[in-house]
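The values are calculated or read from the model by the stated rules, or taken from the named source; none is laboratory data. If you're wondering where the values come from, they're calculated on a predicted model, not measured in any experiment. Reconstructed Cβ throughout: ideal geometry from the backbone, glycine too, with neighbour counts over all protein chains shown.
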Amino acid sequence: LKHFPPLTFYLSSFYSPFPGDVAFWITATDADNDALIFSLGGRYAYFFGVDETTGEVKLNSPLDYETLYHFSVTISVWDKINPQVQKDLQIIVIDKNDNEPVFQNTPYSTSINEVNGIFVSVKVRTKEIGIWDENQRQKKSGLGRQIIDLSVIPNTPENQQLFSILLNGTIILKGPLSYNNKSMFYQVKLQSCDQDKVKPLCSQSVFLSITVIDLPDLDPQFLQEPYTASIGEDAALGTSVLTLKTVDGDKGINDPVKFSITNSTKPWFKIGEQDGVITVNHLLDRELLLDENEEVHLEVTATEIHLNIYGQEAKAKTWVTIKVTDVNDHSPQFYSCILPDCDFSDDKAVSTFTGYLPEHSSTRVPVSNLTMVAYDPDKGLNGTFLLSLAGPDHMAFAVSPEKVVNTGEVQVLVLQSNLVDFEQKQIMELEVIANDSSSHMISTAKVTIHVEDINDHAPEFNKSQYILYVYEHCQDGTVVTKDIKATDPDTDFRGHITYHLISGSSADIFQVNPSSGEITVKNGSLLDRELQSVYYLTLQATDGGNLTGSTLLQIILQDINDQAPVVSGSYNIFVKEMKDNVTVTIQAYDNDDPNTNNSEIRFRLLPSPYSKNFTLDSVTGLLTNRGPLDREAIDPNLSGKIVLTVFVYDLGVPSLNTTVNVNINVELKLFGEGQSFVSCLGLAGAYLGIVKAWDADQTDVNSRVAFSLTGDGASNFEIRSTFLGSGWNEGNVSLVSDVSLDYERPPSNFTLTVLAQNAAESEGTGSATLLVITEDVNDEAPSILASSLKEVRLREHQGKQNGLVAHVEAQDPDTNASLEVRLQDTVCLKKGVDVGDVCHGWFRLVPNGSVYINDSMAIDYEVCDLVRLLLQAWDLHTAEGFPASSPNGRDSAQADGGQRSRARDARVGRRRGHLALGLTLCFLVVTTLDITLKGTYQLTIRVQDKPVDDPPLTANTSLNLFTVDQSYRLRLQFSTGATEVGSNTNAIKAALMEATRTTVYIVSIKDLETPNSRAKGLSYMDAYFVYSNGTALTLSDLNMYIRSDQEVLATLLRLGLVVIVSTFNKEFLSIIAGLGGALILLIIIMVVSLVCTRKSYKRKLRAVKARKEAMKTNEILTSQTLAIPGTNLFNSQFAYLYMGIISLSFSLSLSFSLSLSLSLSLSLTISVSLSLFLCLSLSLSPLSVSVSFSISVFLFLSPHSPFSLSPLLSPLSFSFLFSLDLSLSHTLSLSFLFLSLLPLLLFSLSLAPILSLCVSVSLSVCLSVSDFVSFCL
C-alpha cells in the first residue's frame, strides 16, 4: 500500500449538490494486488459513505459552505492482511450560489426633518466566499456583489423619485419633504440580489421606515369655516353666540393659539382669548344693520404662542358673520325721501310734509311733491303697519297704499275732486297715521297740501256790450277807453289776462294794449264818420291757459267839422232878357253829422261886377234877380253871360266852405216854353213827355236845335232831339233804360234845365225848366210796429169784460195807405204744447189794432197758459200786383194762475206765416214740360176771401217757375262738412255768380255717405247755373269759367272746393248697369227653364217606353217582381206613378199639367196688374214697388187666392186639351210670366232706377222659381 501524499480535496455543491451523489473515489495500490477495503473515519466522516470494495465515496449529508467550509476526514485502506493504511484528506467546500443575500441589522428606521436632506447606510451580508471554476481550476475570492433595489410607499410617481441608494448602500433624499402637505411617514422597500449570471438570488424584502419630523413652518387653520350665527337683537350682554376652533397647520406640533377680534363692522361682540367663544358685549339693534343686510361681520385672528422656524408669528384670520334677528321694538316712522335713496336714520324721520295739488284734479290723482316714505325697521310681520287719514280735510283724500310691509312710498290721492277747490280753500291739512299691526304703535305725519289754482275760469267782462265814443280823425294813440276790464278769479299766470281785438277790417284803425286792455286809436286818419259812423269790434280777453272771454264794443264816431259843403250839380241859367227872372236854389249838402252846426249850411254871394243885381237867401240858397235883366247892359265881351260866385259855408268850428259859379245866360231869342211832366210809376225807360223850342233863323241848318239836360239828377234822364221844320224842334224826355224812380227813396222830385243850343253856332242858346215829379204808387207792404208787439200777462177770470188788452200799430210808407190790423190765427198753448182752439173766443181784435177781452170768465190758466195772436197789417189801397199785407206779427197773452209767470221776448214772428193767405196753395205739374222750352213760367195768382158781411177782397201775386233740364245739375264737392258749407253758402254763391254771370240755384247740401278719399271730399252741393234766357251751364263750361278767373278760383279753394262732377252721368250709368243685369238674369232663367223642360220631357219619354214594355210582358211573369225590361225599376203599374199620372189615362195628366200652367200665368198677370194699380195709387213712390212685389208674391203663392184659377180651368183643360205637349204649356206659362213683368219693370225704371230694377228682377226670379216648383209638383 503506497503511502498517500497529503491530499486536499475541493468539494463543490456543483459536483455533489445532493446526498447520494458520488463525491470522489479512493484509490490505492497494493503490490500484492490484494483486494482492498476502503473506509473513512474522523469527526466529519458522516458526510460521506464509502464503498469498501471500490472506494467510491458518496455524499450522505449535504455540505454547506456557510456552515462548514473546511474539514478533514481519515482515509483507511486495508487488505485484510496488512495493517490499515490511513491518511488525512483535507476537504475544502467550494461555495455554491445557493443562499440569497441577507440584510443586517434589521429592522431599519430613521427620522428626518422635513426641511433637511438625510444619509442612511444599509449593510447586506452574504455566505458565499468564492466561486469554483472547473474549467480554470481556480478560485475567485471576495464577497459576492449585490445590487439593491428600492421602492417607496406611498407609491406615487413623485415619491418614487424622492429617494435613491448608492453602491455602498447609502440611501439619500433627492426631493423636499412636507409633513403636512405631502406625507409624514414613508416606507422604503429594499431588496438585494446577487450578480449570478446563471441564477441570481435575491434577498427577502426589508423596509426602511422614514418618519418625517414636523417643524413649525405653517400657520394655524380654522375649523368648520365659514362661521355664521344668528342672535336676536334683544340678547343680553354676555350671551354666547359662537365658538371658533383652530388646528395647528403643523400637525406634528399643535402649538396652542390665542384668539382676538382684529376688525368688525359693529363693536358689539368680544371673543375669549383661549377658548374662542364669541359673546355679546354691547346692546344690539337690528335696525342699525339694514345697510349691512342685518349682519355684523367680525375678523377673528388666531395666533400661535411660539414663533415659527422663520422667527415670525404663525397666525390665521377668518370672518365671522353674525345675523341679528328682528324683534318688534320700533314704531313706523315717516321720512321725506325718494326710494331707494333714503336714509332711515332716526334723526332723519320727519312728521310734517308739504305737497301741491291742482284744483279739481281727477280722482286717484296723487298729491305732487309729496316725497313721503313710511318705514318700519322691523321685519316681516313685525314691520307691517296700516295707513289711514285723519284731519280736517281727510274726506277729500285717500291714502295709498293702505298696508305697508317694512317700507313703502305713501301717496295721498284725490278722492272727491269737487272738495279740492282753490277758490274755496287754498291750503288743506290732513294727517297720515301709521299703525303697527302687531304692537299697535302709532306714528303720525301732518300733511299740508297747497291747492294750486288751475285755469278753470275764463275771463269775464262786466257787460256783454260797451258803447264808446271817439272823434273822427283823432290823433293816433287817442284813448278810446281804459275802463273795460275782464276779471278772472284764477291766480298767477293763469289769471293773467291778455287783450286783443277781433276787428276784421278795423285791425288797422284800433288797437288794444295787451296788458291793460286800454283801447286806443291806431290810425286816426282812417276814422271818417262820413264813410262809417259806427264800428263793431270784439274785444277778446285770453288768460294764461288760453281760455277766452269776449265782449262787443260799439264805437260811435263823433263828428268834427271835416267836410266842406258840397254843391249839387252845376248851374247854367238861361233867361230871356227883360222877361224872365232868375229864380234858382243852390242845392248844397254837408256830410257832417246832421242837425249840427257842422252840417248847417249858409250861402253868401261874393262881390262881382253884377252881384248887386241879385239877392241870395243865406239860409235857403235862393238866388233871385233884383230887377229885369237887360242883355245890352252886360259887357258885350261877355256875350250876355253873367257869372256869379256863391260862397257856401257851414257853421262848424272851424268853418269850411266851398264856392260855386252860377252862369246866367241872358238870351236874345225865345226858345219854346218850359213844361212840367209827371212820372206815375217811374219804371225804367218810361217816357215822360216832350219840350219844344223855336229858332227864328230862316234856314233849316241854323234853325236846328240840340237839346241837353242839366241839373241835379240829370243823369237819370235822357232827351232825344227831333227837327219838326219851320224853326220848331222837339225833345222827347224819358228815363234811362236801366233807371227807375221810387217815391219812397228820395229824391222824388227833380228840377232839370233843358238847354236848346243852335246846332250851327255855339253862341245861340235857350233854356227851359223841367220839373219832374214822382207820384206815389201804393206799392209798399204795410208792417206792424215791433214796439207795439208786447207780451201781456192777465189773471184768469179777473179781466174786465171788453177791457183793452193791447194796441197794435201798423205803418205804411205809402201816402194813400188805408190800414187795418187783421187776426190771422190764434194759437193756444199749455206748457208749450198746442191744445187746439180752446182759447179762440177769449179775445177779439178790431181793425184799428186794439185787442179786447171777449169772454173774461172763459180765460182759464189750467186750460191754456199762453195765447198767441197772429196779426197782420193790411193796406186796403195797395196797387194791383203789389203785396197788400205785412209779414205776420205775433202778440201773446199769458194767463197767470197765481203760481208762476213767464216773460217772452216781443219780436216779429214768422211762425206759420203762410197762413196769412188763409189757405195753402199746392201747385202740381199736370202736363209734361217741354224740355226745349227753357226759361220761366209766369203764373199770376189771385186770392179772394169770402166774408159774410163785407165785400170780398182780393190780392194778386206773381209766381215765376224756372225750369232747367236735370242734366244740367252739377255737383261741387267740398273738403269741409255740410254744416260749414251751409254757413259759407252766400260767399260760395257770390263767387260762382261772379265767375259765371249766371243765377245760381242751390238744390241741396249734404255730407257724402262715402267720402272721396282721392279728392278728400266730405260734402257736396248740387246746383244749377242758369242764364236769364233759360240756358244753363254744363260741367265743362263751369270748369272753364272758374279756372279763367283766378281770384274766384282762389276764393272757392279757400272755402273748401275740391272737385266738380255731374250727377246725370252716374244715374244714367246706374240705369244701364241695372238693365244689363236684368237682361243677364233673364237669359239665365230662360236657359235653366229650357234645360229643365228638356230633361223632364226625356224622363217622361223613358217612362212611356217603360210602360209599353211593361204592357207587353206577361202579367204572370211581371207580377212576381218589380223589375221590368228597360227600366229595372217598375212594372206597368209603377210606371204610371213615375210619369206623374194619377189615373191610367195619359190625356188626363197632360190636361192637368196644362191647366196648372195656364192658371198660374193668369193669376200672376192679375196680381201684377193689381201691383201696378197700387203703384199709381201710392203716387209712384219707390216704396210702392216693394209693396207691389209683396202683394204679387202673396197672390201668386197663396193657394186660396181669389186669382188662382186652377180649380176653374182644370175641368176645362181636361175636356179639350188632350193632345197638347207638356213642354208647350210650360213655355206658354213662362211667356205669360215675362209679359206680365215687363210693364212693371219699365214703369219702375222711371221712378227709381236702382231700387225699382232690383225689386223687379227679384220678383221675376222668385216667380220663375215658383213656376218651376209648381211644374215639378
Some residue of the stretch 291-314 being in contact (Cβ under 8 Å) with a residue 24 or more places away in the chain, under 30 Å from residue 432 (Cβ atoms) and outside any loop (DSSP other than H, G, I, E, B): yes
Any hit, the stretch 282-289, residues being hydrophobic (A, V, I, L, M, F, W, C) and over 30 Å from residue 339 (Cα atoms): no
Residue within the stretch 68-89 that is loosely packed, with under 14 Cβ neighbours inside 10 Å, among the small types (Gly, Ala, Ser) and over 13 Å from residue 38 (Cα atoms) present: no
Residue among 762, 767 that is assigned to a loop (DSSP other than H, G, I, E, B), of a type in the set (Gly, Ala, Ser) and either modelled with pLDDT of 80 or more or out of contact with any helix residue (DSSP H, G or I) (no Cβ under 8 Å at 6 or more places or on another chain) (or both): 762
Within the stretch 274-288, considering residues that are within 22 Å of residue 255 (Cα to Cα) and surrounded by 11 or more Cβ atoms within 10 Å (Cβ to Cβ), the one nearest to the chain's Cα centre (by Cα): 278
Qualifying residues in the stretch 779-812 (those that are of a type in the set (D, E, K, R) and not in a loop (DSSP other than H, G, I, E, B)) - the one farthest from the chain's Cα centre (by Cα): 795
Where a residue in the stretch 91-111 is hydrophobic (A, V, I, L, M, F, W, C) and buried (at least 18 other Cβ atoms within 10 Å of the Cβ) and its partner, wherever it lies, is modelled with pLDDT under 80 and outside any loop (DSSP other than H, G, I, E, B), with Cβ under 6 Å and at least six apart: 91/9; 91/11; 93/11; 94/10; 94/12; 94/132; 103/124
Single condition residue 609 does not satisfy, out of (1) closer than 18 Å to residue 584 by Cα; (2) at pLDDT 85 or above; (3) not in a strand (DSSP E or B): (1)
Options 571, 536: the member that is of a type in the set (Ser, Thr, Tyr), on the phi < 0 side of the Ramachandran plot and surrounded by 18 or more Cβ atoms within 10 Å (Cβ to Cβ): 571
For residue 421: the one exception among (1) among the charged types (D, E, K, R); (2) crowded, with 18+ Cβ neighbours inside 10 Å; (3) under 35 Å from the mean Cα position of the chain (by Cα): (2)
Some residue of the stretch 228-247 being over 30 Å from residue 298 (Cβ atoms) and touching a residue at least 12 places away in the same chain (Cβ under 8 Å): no
Candidate set from the stretch 42-52 (those that are part of a loop (DSSP other than H, G, I, E, B) and under 11 Å from residue 26 (Cβ atoms)); member that is modelled with the highest pLDDT: 51
Leading residue by the ranking (modelled with the lowest pLDDT) among those in the stretch 65-77 that are in a loop (DSSP other than H, G, I, E, B) and more than 13 Å from residue 91 (Cβ to Cβ): 66
Flag if residue 537 is modelled with pLDDT of 90 or more and in a strand (DSSP E or B): no
Any hit, the stretch 439-446, residues being within 20 Å of residue 358 (Cα to Cα) and not aliphatic (A, V, I, L, M): yes
Qualifying strands (runs of 3 or more DSSP E) (wholly inside the stretch 151-221; at least 1 residues being under 15 Å from residue 101 (Cα atoms)): 185-194, 206-213
Hits in the stretch 33-48 (condition: in contact with a strand residue (DSSP E or B) (Cβ under 6 Å, 6 or more places away or on another chain) and closer than 23 Å to residue 81 by Cα): 36, 37, 38, 39, 40, 41, 42
Answer from 255, 214 - the residue that is within 29 Å of residue 302 (Cα to Cα), free of Cβ contacts under 8 Å to residues at least 60 places away in the same chain and in contact with an Asp or Glu (Cβ under 6 Å, 6 or more places away or on another chain): 255
Hits in the stretch 330-381 (condition: touching a His at 6+ places or on another chain (Cβ under 8 Å) and not in a strand (DSSP E or B)): 376, 377, 378
Cβ-Cβ under 6 Å pairs, at least 6 apart or on other chains, the stretch 1050-1061 side at positive phi, far side in a strand (DSSP E or B) and surrounded by 16 or more Cβ atoms within 10 Å (Cβ to Cβ): 1056/974
Pick from the stretch 642-665, criterion free of Cβ contacts under 8 Å to residues at least 60 places away in the same chain and surrounded by 18 or more Cβ atoms within 10 Å (Cβ to Cβ), ranking: farthest from the chain's Cα centre (by Cα): 642
Selected residue (only one of 858, 873, 893 is at pLDDT below 75 and hydrophobic (A, V, I, L, M, F, W, C)): 893
Subset of the stretch 405-431 (residues that are over 18 Å from residue 389 (Cβ atoms) and either among the charged types (D, E, K, R) or part of a loop (DSSP other than H, G, I, E, B) (or both)): 406, 421, 422, 423, 424, 426
Pair list, Cβ < 7 Å and 6+ apart or interchain, from the stretch 795-823 residues that are assigned by TED's automatic domain parsing to the domain that holds residue 945 to residues that are modelled with pLDDT of 85 or more and crowded, with 16+ Cβ neighbours inside 10 Å: none
